[in-house]
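The values are calculated or read from the model by the stated rules, or taken from the named source; none is laboratory data. Bear in mind the structure is a predicted one, so any value in this text is a computation, not a measurement. Please note: Cβ atoms are built from the backbone with ideal geometry, for glycine as well, and neighbour counts cover all protein chains shown. Note: accessible area is taken over every heavy atom of the protein model, side chains too, but ligands, DNA and RNA are not part of it. Shrake-Rupley method; radii C 1.70, N 1.55, O 1.52, S 1.80 Å.
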Amino acid sequence: MILKGFNELKVFLEKPRSIVIVGHRNPDGDAMGSTLALKHYLDKKGHNCTVVVPNEYPEFLHWLPGSETTFRFDWQNNQSQKAINRSDIIFLLDFNALHRVGSDMQNTLEKYPKDFAMIDHHQQPDDVKYMYSDVTICSTCQMVYQFIEMNNDLDLIDADIATCLYTGIMTDTGSFRFRSTTSTTHRIIAALIDKGAKNDKIHNNVYDANSYNRLLLLGQALSNLQILPSYKTAYITLTSEEKKRFDFQKGDTEGVVNYALSLKGIILAAIFIEDNEQKNIKISFRSKGSFSVNKFSRNHFNGGGHDNAAGGKSSDSMSETVTKFVTLLPQYKKELETSYEN
Ligand code: 5GP
Ligand code: MN
């Protein structure tokens with residue numbers, strides 16, 4: 001755990017400040033939940049906060065309280081730049097390095113003359129002035145709860161803050177089932193329900209909001225699934241053509257990789273998704289046990305993340321990328337065999 005400049009930050013926040021809060025590109029439940037929760041909390045403390053997200057986020061997160069106040073850097077560039085220019089500090093939430101916001105926004109943030117404060121749970125964080133980094137914590141939302149607790153402000157948590165925090169903890173823990181879920185996580189979740197988070201509604205809003213096309217795309221993904229039993233590995237591919245056929249919308253492929261990991265005996269799962277806009281293949285890796293997909297992705301696919309959940313990318317074609325992946329597996333055979341014992 002790294003806690004750097006916390007007391008100094010506390011003093012800095014004694015005066016009302018203009019604050020920008022940023023999450024990573026392709027924001028997920030934890031990025032949206034943590035940035036909005038921190039905004040609600042700091043606004044209540046007398047600050048003036050703006051959440052700026054790099055790009056579009058899934059429809060199933062649009063109901064989050066405060067979502068309508070966010071600026072999107074890619075298509076509300078003027079408003080976003082203005083908010084950044086007039087801010088006294090920028091909070092970086094749920095990411096560890098500036099390149100994670102995408103190159104346009106990264107350029108702007110790199111020129112920022114004032115200080116950054118990072119709250120994040122990814123490995124190998126960049127060094128910024130104020131830091132709260134802990135790779136053992138399941139979600140940035142749990143860290144925001146603990147940040148509020150460190151400030152002795154738990155009383156300020158209302159239903160909106162509780163709802164945002166619950167959502168990010170829920171999505172980053174796969175609904176409280178991944179290894180990172182601890183008794184502390186459950187205690188915090190209980191407290192958030194007491195503060196007004198409606199757990200059944202949140203699960204419904206996030207997980208039971210599928211379009212028919214999204215289910216058809218999932219059907220396509222499952223029929224593309226390949227299993228490599230000798231490496232305890234399964235992977236899924238989705239081409240741009242397939243995405244188009246089922247009217248792909250942002251967020252439609254979220255969680256699909258977990259179906260590959262749900263196969264009995266599989267401990268490494270990957271999904272390769274063609275992205276014609278970015279002209280690359282976006283990859284998600286998931287693992288069980290000691291096999292670190294963070295290391296694997298860092299070493300081979302320009303990515304990273306956590307030990308059991310990481311992302312990456314490839315500028316090769318789909319078939320070249322898949323071939324590269326499959327060709328790498330023999331050198332990890334031993335690690336894959338021993339990664340997860342029941
Ligand atoms: P996902 O596969 O859901 O996109 O990402 C899994 C986890 O890895 C998330 O915590 C995400 O923030 C992180 N992640 C995804 N892509 C990258 C990447 O390119 N670099 C790093 N460092 N982390 C990533
Ligand atoms: Mn997260």
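Before moving on, here are some points about what is shown:
- Accessible surface, 1.4 Å probe, highest first, among residues Arg245, Arg286, Arg298: Arg245, Arg298, Arg286
- With contacts taken as Cα pairs under 8 Å at a separation of at least 6 residues, the chain carries a relative contact order of 13 percent.
- Choice from Thr323, Thr173, Thr69 showing the highest fluctuation, given a GNM over the chain with Cα pairs closer than 10 Å: Thr323
- Whether the stretch 164-204 is rounded, prolate or oblate, judged on the alpha carbon gyration tensor where a/c under 1.5 counts as rounded: oblate
- Residues whose placed amide H lies under 5 Å from that of Phe73, excluding near-sequence neighbours: Val53, Asn55
- Where a label projected 7 Å from the Cα of Glu56 along Cα→Cβ would reach, residues of the stretch 16-38 with amide N under 13 Å: 26-27
- 0 to 90° range, to nearest 10: angle between helix 183-194 axis and the chain longest Cα axis: 60 degrees
- Among the listed pairs Lys10/Lys195; Lys4/Lys195; Lys15/Lys39; Lys288/Lys334; Lys10/Lys44, those whose Cα-Cα separation exceeds 20 Å are Lys10/Lys195; Lys4/Lys195.
- Of all the options Ile90, Ile119, Ile227, the one that moves most in a Gaussian network model of the chain with Cα springs shorter than 10 angstrom is Ile227.
- Here the stretch 311-342 is scanned for amide nitrogen atoms under 15 Å from the site 7 Å beyond the Cα of Ala97 along Cα-to-Cβ, giving 311-314.
- Rounded if a/c under 1.5, otherwise prolate or oblate - the stretch 46-101, Cα gyration tensor axes: rounded
- Relative contact order %, the stretch 28-184, counting alpha carbon pairs below 8 Å whose residues are six or more apart: 28 percent
- When shorter helices are ignored and each DSSP H run of at least 4 residues is given -39500 (n - 2.57), the per-residue value for the chain at 222 nm works out to -11500 deg cm²/dmol.
- Overall form of the stretch 116-186 per C-alpha gyration tensor (a/c, 1.5; a/b vs b/c): oblate
- Phi angles of the stretch 71-85 translate, via the Karplus equation with coefficients 6.51, -1.76, 1.60 and θ = phi - 60°, into HN-Hα couplings of 9, 9, 4, 6, 10, 10, 5, 4, 4, 5, 4, 4, 4, 5, 4 Hz per residue; Gly and Pro are given as x.
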